[in-house]
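Here the structure is laid out as structure tokens; the discussion comes afterwards.
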Amino acid sequence: MTRAPSAVQAPAGVLLIEDDAALRATLREALQLEGYRVWAAASLADARALWAHNHRDPGIALVLLDLGLPDGEGADFLPHLRGPGGPAVIVLSARQGEDDKIRLLDTGADDYLVKPFGVGELLARLRAALRRRGQVVDAAITHYVHGGLQIDVAAHRVLRDAAPVHLTPTEFRLLARLVRSTGRVVTHRQLLADVWGAEHTEQTQYLRLYMGQLRAKLEADPAQPLFLLTEPGLGYRLADPAD
Ligand code: CA
């Protein structure tokens, strides 16, 4: 396994604007597993509010923009986003007319994906758009193999001594977040923000509870963990298989 660079990078922020609840949930989860900080909006009004509160601090590097929204046209949001240092914009739309694409690209969109699209393609285009904006984007660490524990994040598979382990969705998100930073400390605040959302960064009791559940499922002796290590006062670290 390649060791991640030691410089700590803030995760890129993504504003996801999509009124289809199922697609929104799917994309939010896929983006979070890749390590992005995600704000999700179901309408133009939501999107405007989230943009106003977050685009400077902590920062939104990319916007995924659906066109048909319940309170208007996604395209009407584009003028808010232009200007120096503005985010990359990828339009998500069922409309596939060439004129639509040309108009959107001319008014500031960086890319255009026609629904239905594969999540893998979206993530690749998103990385490309961020790279063009000068952001360093590492492919996420998605596999972990160490002392009888095997984790494949993309396949949602966890094996302990070759036996499948059933995790709840929250347990899985927490574990996937630690896999992405294998060998490095992830702070309590970062874990809470990435797994539960930016509004829950003070709820360290969630972390203690879910870390206890994960250890009970993955560790031979939860009191003496080999994988899910505590960094007192800081956070948690998934043991580096190379250590
Ligand atoms: Ca829509």
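The values are calculated or read from the model by the stated rules, or taken from the named source; none is laboratory data. Everything quoted here is computed from the prediction, not taken from an experiment. Cβ sites come from the backbone with ideal geometry, for glycine too, and all protein chains shown count toward neighbours. Just the protein is used for accessible areas: all its heavy atoms, side chains included, with ligands, DNA and RNA removed. Shrake-Rupley method; radii C 1.70, N 1.55, O 1.52, S 1.80 Å.
Determine the sum of side-chain charges near LEU149: Lys and Arg each +1, Asp and Glu each -1, restricted to other residues whose C-beta is under 12 angstrom from that of LEU149. Could the numbers behind the result be given before it?
On the way: positive: ARG157, ARG160, ARG215, LYS217; negative: ASP152, ASP161, GLU219.
With Lys, Arg at +1 and Asp, Glu at -1, the neighbours total +1.
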Which angle between 0 and 90 degrees, to the nearest 10, do you get for helix 119-132 versus the longest principal axis of the chain when only C-alpha atoms count? 70
Fraction of antiparallel bridges per DSSP, region 26-158 only, in percent to nearest 5: 45
How large a share of the accessible area of region 143-238, in percent, is made up of carbon and sulfur atoms when the probe is 1.4 Å and the other protein chains stay in place? 54
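With every protein chain left in place, what is the accessible area per residue of the chain in square angstrom, probe 1.4 Å? Walk me through the numbers on the way to the answer.
Numbers: 12100 Å² over 243 residues.
Roughly 50 Å² per residue, with all protein chains present.
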Residue span ASP221 to ARG48: 0.36 nm per residue of separation minus Cα-Cα distance leaves a gain in nm of 57.4 nm
Measure off 7 Å from each Cα along the Cα-to-Cβ vector at ARG82 and GLU231, then give the distance between these two points in nanometres to one decimal. 4.3
Between 0 and 90°, nearest 10: helix 44-54 axis offset from the chain longest Cα axis: 60
I need the GluC sites (Glu not before Pro) found in region 194-243, filtered to DSSP loop residues with at most 15 other beta carbons within 10 Å of theirs. GLU202
Looking at the chain, what % of its DSSP beta bridges pair antiparallel, to the nearest 5? 50
Whether the chain is rounded, prolate or oblate, judged on the alpha carbon gyration tensor where a/c under 1.5 counts as rounded: prolate
What is the sum of charges around ILE102, taking Lys and Arg as +1, Asp and Glu as -1, for the other residues whose C-beta is under 15 Å from the C-beta of ILE102? -3
Which value at 222 nm does the chain reach when only helices count, each DSSP H run of 4 or more adding -39,500 (n - 2.57), with the total divided by all residues and rounded to the nearest 500 deg cm²/dmol? -10500 deg cm²/dmol
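From the alpha carbon gyration tensor of region 13-132, can you work out the equivalent ellipsoid semi-axes (sqrt of 5 times each eigenvalue) and give them in Å, largest to smallest? Kindly include the intermediate steps, with their values, before the conclusion.
Working: eigenvalues 64, 56, 46 Å².
The answer is 18, 17, 15 Å, longest axis first.
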In whole Hz, the Karplus estimates of ³J(HN,Hα) for region 144-154 (6.51, -1.76, 1.60; θ = phi - 60°; x where Gly or Pro) are 9, 9, 7, x, x, 9, 10, 10, 10, 5, 4
